[in-house]
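In what follows, a structure is listed as structure tokens, so that the remarks can point back to it.
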Amino acid sequence: MLEDFLPEQQTPDALMLFGFWYRALPCDAVKPGEIRPAMLLEQALVVGRDQESRAFALRDACPHRGMPLSCGRLDAGQIECSYHGWRFDARSGQCTLIPSLVADQKLKVDRIYAGSYPCEERDDFIWVFIPDPGPAGAGFTKAAPAPTPAPEVPKFSDRYKLAYLTADLPCSVDHGVIGLMDPAHGPFVHQSWWWRTRHSIHEKRKNFEPIPFGFRMSAHTPSSNSAPYKLLRLYAKADSITTTIDFVLPNLRSEVIRAGKYWFSSLTTVTPITRSRCRIDVVAAWNLFRWMPFAADLLKFVFAKFVEQDRRTMELQSEGLKYNPHLMLIDDADRPAKWYFGLKSAYLDMKKTGGEFRHPMSGPVTLRWRS
Ligand code: FES
Ligand SMILES: [Fe+2]
């Protein structure tokens with residue numbers, strides 16, 4: 001069944017998964033009273049924040065004649081379209097005013113809706129739920145609420161620090177995701193004296209297990225050449241440090257490192273913008289070094305280096321991919337990528353047939369590779 005999971009069948013027309021929450025914009029990109037255009041899964045959105053600072057997301061096309069609502073203005077919690085001045089409640093999308101109507105014209109204004117999307121703020125990002133298919137509520141129906149709350153960075157104490165990082169990638173979401181979970185590129189792409197070099201390559205053996213809509217690299221002592229591990233050893237005995245890495249559809253990679261009462265965790269997402277562009281967002285939370293004044297900056301600096309190395313790699317890779325080369329996924333290093341494609345097609349099958357989710361893993365597996 002290997003052919004089913006080969007990336008070349010997915011990438012020319014990379015399928016994007018609807019029915020999930022996606023990160024739209026960093027919270028600090030939208031101030032109270034502002035609106036911004038944004039794109040998720042090839043859907044144009046206008047994302048904004050009312051005067052009470054509550055975030056909202058609407059389809060960026062006026063239901064009257066399609067003018068982008070992001071060209072309009074926000075006034076007292078309502079968006080006014082720049083073409084004929086129709087007004088919509090920013091949170092529900094419900095039409096509140098059509099200025100051209102005269103007193104005895106009985107058009108039921110409040111039955112008209114600009115498509116609105118469920119929208120929540122979590123850990124420095126505005127998340128938007130993209131329903132299937134397309135936006136519910138465009139035209140005459142109210143948007144449905146999201147079935148689940150937006151995902152969040154795992155946290156293990158009340159006090160912690162948070163930092164985020166974001167980068168655009170010139171590739172499909174599939175290449176973004178499999179690049180993120182690829183264990184074999186580290187020594188080549190992320191070489192540096194304080195992290196790892198080609199000479200630090202050694203054999204790894206890790207246990208994986210299926211979890212709902214995803215898989216987990218079971219809790220283990222982190223690789224001795226990883227930077228967070230080296231830092232954590234300042235706090236705790238080496239053998240008390242554990243790390244767990246989860247991948248869950250559509251695009252969530254969470255990593256949790258724990259050492260006694262200290263912890264470091266991150267939630268990284270690769271978000272489809274269009275079929276050929278995606279964006280990587282990393283949000284990290286930790287309760288280490290809270291006494292250290294520039295810890296967040298230092299961490300951001302380290303993460304930014306990593307993300308920039310990945311971004312540059314994918315930029316170069318996209319040059320080669322233009323020529324549609326034959327691609328391959330090998331065992332065991334690319335097995336997580338195969339599971340990703342397997343999870344994705346299981347999800348699409350489930351939607352199509354209305355049947356059960358057929359997980360591509362039948363049980364725990366040990367993978368071995370050198371990196
Ligand atoms: S297009 Fe928006 S009011 Fe006419
Ligand atoms: Fe990487």
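Below 8 Å between Cα atoms, with a sequence gap of 6+, how large is the relative contact order for the chain in percent?
RCO, the chain: 18 percent.
Give me the dipole magnitude in Debye, nearest 20, for the stretch 99-219 about the Cα centre, with unit charges on the beta carbon: positive for Lys and Arg, negative for Asp and Glu.
Rounded to the nearest 20 debye, it is 300 debye.
Determine by what factor the alpha-carbon radius of gyration of the stretch 16-130 differs from 2.2 N^0.38 Å, reporting the quotient.
The value comes to 1.06.
Lys and Arg at +1, Asp and Glu at -1: add these up for the other residues within a Cβ distance under 15 Å of Asp28 and post the number.
+1
Pick from Gln43, Gln317, Gln105 the residue whose mean-square fluctuation is largest in a GNM of the chain, springs joining Cα atoms under 10 Å.
Gln105
If contacts are Cα pairs under 8 angstrom and at least 6 residues apart, what is the relative contact order of the stretch 16-130 in percent?
Here the relative contact order equals 27 percent.
Cut-off 10 angstrom, C-alpha nodes, Gaussian network model of the chain. Which of Leu329, Leu107, Leu25 fluctuates the most?
Its mean-square fluctuation being the largest, the pick is Leu107.
Check each of the chymotrypsin sites (Phe, Trp or Tyr not before Pro) in the stretch 316-371 and keep only those in coil by DSSP with at most 12 other C-beta atoms within 10 angstrom; list them in order.
Tyr323
Sort the following peptides by mean Cβ neighbour count (other Cβ atoms within 10 Å, averaged over residues), highest first: 210-217, 236-243.
210-217, 236-243
Mind listing which chymotrypsin sites (Phe, Trp or Tyr not before Pro) in the stretch 87-141 are in a DSSP loop and have 15 or fewer other Cβ atoms within 10 Å?
Taking the stretch 87-141 and a limit of 15 other Cβ atoms within 10 Å, the loop chymotrypsin sites (Phe, Trp or Tyr not before Pro) found are Phe140.
Dividing the convex hull volume of the alpha carbon atoms of the chain by its residue count, what do you get in Å³ per residue?
154
Please identify the trypsin sites (Lys or Arg not before Pro) of the stretch 79-133 that satisfy two criteria: DSSP loop assignment and at most 14 other Cβ atoms within 10 Å. Which are they?
Lys106, Lys108
How much of the calculated P(r) for the stretch 74-119 lies past 15 Å, in percent of all Cα pairs?
When every Cα pair of the stretch 74-119 is considered, 42 percent fall beyond 15 Å.
Arrange the peptides 306-316, 245-255 so that the one whose residues have, on average, the most other Cβ atoms within 10 Å appears first.
Output ranking for 306-316, 245-255: 245-255, 306-316.
Where does each of Val102, Val256 land when they are ranked from fewest to most other beta-carbon atoms within 10 angstrom?
In increasing order of surrounding Cβ atoms, one gets Val102, Val256.
Based on the Cβ-Cβ distance of Ser100 and Gln51, what FRET efficiency does E = 1/(1 + (r/R0)^6) give at R0 = 30 Å, to the nearest 0.05?
0.65
Charges at C-beta only: +1 for Lys and Arg, -1 for Asp and Glu. How large is the resulting dipole of the stretch 161-370 about its Cα centre, in Debye rounded to 20?
Roughly 400 debye, rounded to the nearest 20.
Quick one: Glu121, Glu203, fewest Cβ neighbours within 10 Å first, how do they rank?
Arranged by neighbour count, lowest to highest, Glu121, Glu203 become Glu203, Glu121.
Where a number appears in this text, it was derived from the coordinates with a stated rule and is not lab data. What you are looking at is a predicted structure, and each value in this text was computed from that prediction instead of being measured. Using ideal geometry, Cβ is built from the backbone for each residue, glycine included, and neighbour counts are taken over all protein chains shown.
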